[in-house]
Amino acid sequence: MAAAAPAIEIPAPGDATSARILRAITRTPINIVLVALGAAWLVPTIGLFITSILPASADASKGWWQIFSHPSLATWSNYNALFHNSGLITALKTTAYIAVGNTLLVVILGALAGYAFAWLDFPGRDWLFIGVIGLLVVPLQMALIPMFKLYDTFGLFDTWYGIALFHTAFGLPFAVFLLRNFFVGLPKDILESARIDGANEIVIFVRLILPLGLPAIASLAIFQFLWTWNDLLVALTFGQNTTPITVWIAGQLREFGTSIDIIAPASFISLVIPLCVFLAFQRYFVQGLLAGSVK
Amino acid sequence: MAAPPPTGQPGRLGRYLVGAFFLAPALFMLAVWMVYPAVYTIIRSFFGPTGFIGHWVGIANYKTLFTTATLTTAIKNNAIWVAVVPAMVTAVGLVFAVLTERIRWAVAFKTAVFLPMAISAFATGVTWRIMYQQDPNLGAINALGKVISGAFSPAGVLSTALPSTPSIQSSAGALVLKTPTHPGGVALLGLTGIAPDQVPKNAAQAVKPAPKPGDVVGTVWRDFKPGGGKAGVVETGELGLPGVTVELRNAAGKTIQSTKSKPDGTFDFVKVPAGTYNAAIGAQTFAKPFGGFAWLGPNLIVPSLLIAYIWIWAGFAMVVIGAGLAAMPRDVLEAARTDGATEWQTFRRVTVPLLMPVLSVVFVTMIINVLKVFDIVYALAPESEYAKANVIALAMYFTAFQGAGNFGVGSAIAVFLFLLVIPVLALNVRRFKREA
Amino acid sequence: MTRTRIVVVAVAAIATALFVAGLAGARTSSSTKAHQNQAVSGTITFDGIWTSSSGQVQFQDVINAFQKLYPKVHVHYKPVGNNLPTVLTTAVAGGHPPDMADIAQPGTIAQFAKEGKLKPITYAKSTMAKYFAPAWASLGTFSGKLYALPFKAANKSVVWYNVPAFTAAGVTPPKTFAQLLKDAQTIKSSGTPAYSIGGSDGWTLTDMFENIYLRTFGAAKYDQLSQHKIKWTDPSVTTALKTMAKIVGDTSNIYGGTSGALQYGFNDSVTNAFSSPAKAAMVFEADFVGGVITSSTKAKPKTGFNTFTWPSITPGPDASAVEIAGDLFVTFRDNPAIEAFVKYLATPQAAEIWAKQGGFGTGNHNVPASIYPDPITRATEAPILTAKSVVFDMSDNQPPAFGATTGSGEWGLFQTFLKDPTNISGIQQQLEAAAAAAYKK
């Protein structure tokens, strides 16, 4: 590469104030733009939150920004009413069982299959893999009626594990796709030497692949957890007494009446846990999701 | 690609078994929960609405699919979604990812933009429904619009007013008393449709003034008392409208004088030369306040949905592309910069091509998601606009599960959706083969 | 002599024994009535539309009272909310329906009955005959068998108005439709739009049409149209639509205009009319509007809101007929526990438990009007029993594809009518085409 005079001076650390000011000036517009964009992105969510701390009559008559001129209207009564409803706690527990349960299963089965497609050699492997990721296109609605009949026969109806299994199956194509791509990018030599050393596949899988694949696995877990936490349709169809939080919220809606004083706070409560999961695993998420695409 | 089996490994059968052990659980679940229902639905699509065996209808359901107006609208809408959303989401995600590289508070920004992904589709629909309300008092976007438009074209003080008698007629937004007046005459401008709280605080009982020679006098007042009262007649209990600008127009329609009404509604055009005139109230008094865009109306419902959907998924794109950026080799970028390329050139010629694999992952994922889009349309669009905002997955839901419960056509729609996504799948496969 | 005495003593003994046995038997049966029935046991699953903020608590009170009488039976109520039709359809199609469900549309019930998914409740016939007029039983009768119990009824011939708005305009509740139109203009002149229409929910529009048709042509013709014995292209429909256009076509008198009417749902239409200051003066809808007002606005009864009966159009015996909608209970299985519950629900005691809490109307004529907790509730619920003629919500009676599908059929077409109230013949043809298609199936 021709060593021409650098167009942009890369200042050394501890440089002159003028250089630092120059950097700040070029950064400031970006900062301003991003602050504005970030704020704009938050407005709808903030609106939802404010709606949840206003009484129903206030929500119906004026927009939520009235809180800035009448801060005394704010009240926690909507949240109080929700928490006094024991159904909410049960619903959150059920949601946790379903979400955690199916995420664990998706991760395990997906990792097993992903490893097989990446590092095991058997005839028809590539075509089978294409078939599996082809299932990405099957819409959820297609499976509702046939599975309903099947569940009834096997007694899986109205159980949290029945719902969890449904989610597991629908999460597998993406999981296999993602993990297989990531595993393919792992250094060949480590695996080679482990095989030469005589380790069998299971040992390799548990001792090598899982630890190395942690970033991708973590990001898969977040996505799967998020998607199943917020599902409504499957739980509504396959549950009767088993109600996760989404079904519970839907069941609180008044037949005739604006239910915003229930939907808004309940949605916020429901939002907190996936958000915490996201923040906790943010690191892995950023690293791992891209595995295999950028070599 | 897989490593060739090293020496010491079991033979062919052994490899099958190992493969089977790793794959069996996943393949079993996929076979039962996805393959079986898919096949079932395909077969079901050739049968009638409620019965299964013995109700063969052949391709009649598919014919219905392409001839029913609501379904063809759904197909058209999905085409719009596919054309707009994946590109927009990828572009917005790319811009955000690039910009957040330069700032220190990237995590906070990413959290803010990613937050919508954590909210359930139902709650998102409700949130944006509130934002999109047409009434500027209730909908955030239109409230902002009202503030902006109020700065440029403020609303008139009597925006809802209507004439109380047929002798007052609307003309280019102004209200004109068609009965001609002459100097020494009295012009009565009675208005209705004014809410009591719109009447200015200093209003007094309306008075019909005595005629003055050489002047044109008159009253502008709220011609209403409980029960209606007599139209066009100043009665007790009816308030005058002070501070209204009244114009005196000559026969050609040109305003030659204007004056403001007093607390009792009376006004006085002094020393008017002889001739025929019409009293009028100018259009600016009746300027309508910003009524708000009908975001949830038939014309804007699809763009409104697209905006809400992009709001949700831009975070996904940003995080994924951001990860790709973080994984990019720095030396190539530095080399480009050293070679004298500007930021924009570096971005266009180096960054974007290197990011292509990532961008295509995002783009293809979005295409598949958008073809299956359901929750946001279900939660956000008002009932009256379902027909206009219809998408394939929503049509399937309504056909199969509501009202009629036509599982035959519902299954046909599901199969059609399945077929639509297959080309996208082929794209994915080709990419996969290229990588391999 | 000895033989006779033996015979007399024997007869006396037998008689006494019989008498005592009879007494004991009588005591047992009466004490069974007052005490609990330990013989019947089981679990009943019940899918209902009422949620914790709209009736579940009251219905649970009814269940609790039943369970006191039948302590070995447990009723499990599942609140499904507005998703009930979907959930039920899937459950029925999948072969796993609940034991009982609450369905508001006789049309849907008819379809389930035709497919053989429901169990008849013939055992409840005599109980129903005791407490309900025959018309109520025929509501739930299809192909000659009784399938549904009309537990809860709603009076849809009610208009709710904003009292301060009416006072400011100087109008009083109109008795005739012509007076209503005049009053609406007066209200508009006073500065408030008269009508608050929630057209985004198509059923508010069909309700308006049905009340107009009922009051113009009477109950008999209403029923004919309801059963599709008259077509939607009939001149009577034209007249009714023209009358309806006098309301929905008066755009400047509707809050938000036509565009607003199409975007606002039922809830919004109520909150719009009863916010302060009022954005509109009246809402044409049923007795359940009261619940929305008390939960979502600050308006108070009598001073803030009140009701009047839907104005009459053609004078005559049906001038103040009442259109009702209702919650009908159906059974998907049959066992002694279910039978006991259904029979209990048909009694006035069951109805009164909810009625005295408000928000409940019934066709059970043994429920006295005095049980309702306040005057406005009494004014809206009592006519269900006292009106000379009662008809059922027409759109609910249609096959669901026509009468109860979001965005299409009756609901969708009336929304189209709202967009252009001048195109009457066009709408009639589309209505007839949709109806014919639905009835053919």
Might you let me know whether the range A:68-88 holds any residue that is in contact with a Pro (Cβ under 7 Å, 6 or more places away or on another chain), farther than 24 Å from B:F21 by Cβ and part of a loop (DSSP other than H, G, I, E, B)? yes
Of the residues B:F46, B:F28, only one is more than 8 Å from chain A (Cβ to nearest Cβ), touching a Gly at 6+ places or on another chain (Cβ under 9 Å) and modelled with pLDDT of 85 or more; which? B:F46
Odd one out for B:F122, checked against (1) of a type in the set (F, W, Y); (2) within 30 Å of B:K254 (Cβ to Cβ); (3) within 14 Å of chain C (Cβ to nearest Cβ): (2)
Under 6 Å by Cβ, and 6 or more places apart or on different chains, what pairs join a residue from the range A:49-70 that is on the phi < 0 side of the Ramachandran plot with one that is of a type in the set (D, E, K, R)? A:T51/A:D59; A:A56/A:D261; A:S57/C:K298
From the residues in the range C:398-407 that are of a type in the set (S, T, N, Q) and buried (at least 24 other Cβ atoms within 10 Å of the Cβ), which one is farthest from C:T89 (Cα to Cα)? C:Q398
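To keep it simple, each residue is scored yes or no on (1) of a type in the set (A, V, I, L, M); (2) surrounded by 23 or more Cβ atoms within 10 Å (Cβ to Cβ); (3) over 27 Å from the mean Cα position of the chain (by Cα); (4) within 14 Å of chain B (Cβ to nearest Cβ).
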{"site": "C:G191", "(1), (2), (3), (4)": "no, yes, yes, yes"}
{"site": "C:S196", "(1), (2), (3), (4)": "no, yes, no, yes"}
{"site": "C:F217", "(1), (2), (3), (4)": "no, no, no, no"}
{"site": "C:I247", "(1), (2), (3), (4)": "yes, no, no, no"}
Identify all residues within the range B:205-246 that are surrounded by fewer than 21 Cβ atoms within 10 Å (Cβ to Cβ), at positive phi and assigned to a loop (DSSP other than H, G, I, E, B); write none if there are none. B:G214, B:G227, B:G232, B:G237, B:G243
Residue in the range B:260-267 that is in contact with a helix residue (DSSP H, G or I) (Cβ under 7 Å, 6 or more places away or on another chain) and more than 14 Å from every other protein chain (Cβ to nearest Cβ) present: no
Residue satisfying condition, being part of a helix (DSSP H, G or I) and surrounded by fewer than 22 Cβ atoms within 10 Å (Cβ to Cβ), within set C:Q357, C:Q415, C:Q349: C:Q349
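Every residue, every condition in (1) under 30 Å from C:K440 (Cβ atoms); (2) crowded, with 22+ Cβ neighbours inside 10 Å; (3) within 14 Å of chain C (Cβ to nearest Cβ), yes or no:
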| site | (1), (2), (3) |
| --- | --- |
| B:S360 | no, no, no |
| B:M366 | no, yes, no |
| B:Y386 | yes, yes, yes |
| B:I392 | yes, yes, no |
| B:M396 | yes, yes, yes |
| B:T399 | yes, yes, yes |
Output yes when any residue across the range B:243-262 is polar (S, T, N, Q), in contact (Cβ under 8 Å) with a residue 40 or more places away in the chain and in contact with a Phe, Trp or Tyr (Cβ under 7 Å, 6 or more places away or on another chain), and no when none is. yes
Is there a residue being part of a helix (DSSP H, G or I), surrounded by fewer than 21 Cβ atoms within 10 Å (Cβ to Cβ) and either out of contact with any helix residue (DSSP H, G or I) (no Cβ under 6 Å at 6 or more places or on another chain) or not assigned by TED's automatic domain parsing to the domain that holds B:I301 (or both) anywhere in the range B:152-173? yes
Condition (residue is within 18 Å of the chain's Cα centre (by Cα) and assigned to a strand (DSSP E or B)) applied to the range C:363-374: is it met by at least one residue? no
Is it fair to say C:A168 is in a helix (DSSP H, G or I), at pLDDT below 90 and over 14 Å from the mean Cα position of the chain (by Cα)? yes
For the range B:327-338, does any single residue satisfy the condition of being under 27 Å from the mean Cα position of the chain (by Cα), of a type in the set (K, R) and in a helix (DSSP H, G or I)? no
For B:G232, indicate whether it is modelled with pLDDT of 85 or more and not assigned by TED's automatic domain parsing to the domain that holds B:A83. no
Over the range C:313-341, the set of residues part of a loop (DSSP other than H, G, I, E, B) and of a type in the set (G, A, S) is C:G316, C:A319, C:S320, C:A321
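Yes or no, residue by residue, for (1) surrounded by fewer than 16 Cβ atoms within 10 Å (Cβ to Cβ); (2) away from chain B (no Cβ under 14 Å); (3) not hydrophobic (A, V, I, L, M, F, W, C):
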position	(1), (2), (3)
C:V391	no, yes, no
C:T422	yes, yes, yes
C:I427	no, yes, no
C:E432	no, yes, yes
C:A435	no, no, no
C:K440	yes, no, yes
Between a first residue in the range A:123-144 that is more than 7 Å from chain B (Cβ to nearest Cβ) and a second residue that is assigned to a loop (DSSP other than H, G, I, E, B) and among the acidic types (D, E), which pairs have beta carbons less than 9 Å apart while being 6 or more apart in sequence or on different chains? A:L140/A:D231
Quick test of your reading of the structure: A:L186 fulfils all but one of (1) facing another protein chain (nearest Cβ under 10 Å); (2) more than 17 Å from A:F281 (Cα to Cα); (3) crowded, with 18+ Cβ neighbours inside 10 Å. Name the failing condition by number. (1)
Per-region count, the range C:86-106, residues part of a helix (DSSP H, G or I), surrounded by 23 or more Cβ atoms within 10 Å (Cβ to Cβ) and in contact (Cβ under 8 Å) with a residue 60 or more places away in the chain: 1
All but one of (1) touching a residue at least 60 places away in the same chain (Cβ under 8 Å); (2) within 8 Å of chain A (Cβ to nearest Cβ); (3) within 30 Å of B:A326 (Cβ to Cβ); (4) within 25 Å of the chain's Cα centre (by Cα) hold for B:W128; which doesn't? (3)
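Listed here are the residues, each with its yes/no results for (1) in contact with a helix residue (DSSP H, G or I) (Cβ under 8 Å, 6 or more places away or on another chain); (2) facing another protein chain (nearest Cβ under 10 Å).
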site	(1), (2)
A:I196	no, yes
A:L214	yes, no
A:L233	yes, yes
A:S267	yes, yes
Kindly indicate the residue of the range C:265-285 that is at pLDDT 85 or above and in a loop (DSSP other than H, G, I, E, B) and also surrounded by the fewest Cβ atoms within 10 Å (Cβ to Cβ) among those meeting that condition. C:K279
Go through the range B:131-158 and report how many residues are away from every other protein chain (no Cβ under 13 Å) and polar (S, T, N, Q). 2
Go through the range C:122-151 and give me each residue that's assigned to a helix (DSSP H, G or I), surrounded by fewer than 17 Cβ atoms within 10 Å (Cβ to Cβ), at pLDDT below 90 and among the small types (G, A, S). C:A135, C:S138
Out of the range A:170-222, which residues are without any contact (Cβ under 8 Å) to a residue 12 or more places away in the chain and within 26 Å of the chain's Cα centre (by Cα)? A:V206, A:P211
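The values are calculated or read from the model by the stated rules, or taken from the named source; none is laboratory data. Given the structure is predicted, the values throughout are model-derived calculations rather than measurements. Reconstructed Cβ throughout: ideal geometry from the backbone, glycine too, with neighbour counts over all protein chains shown.
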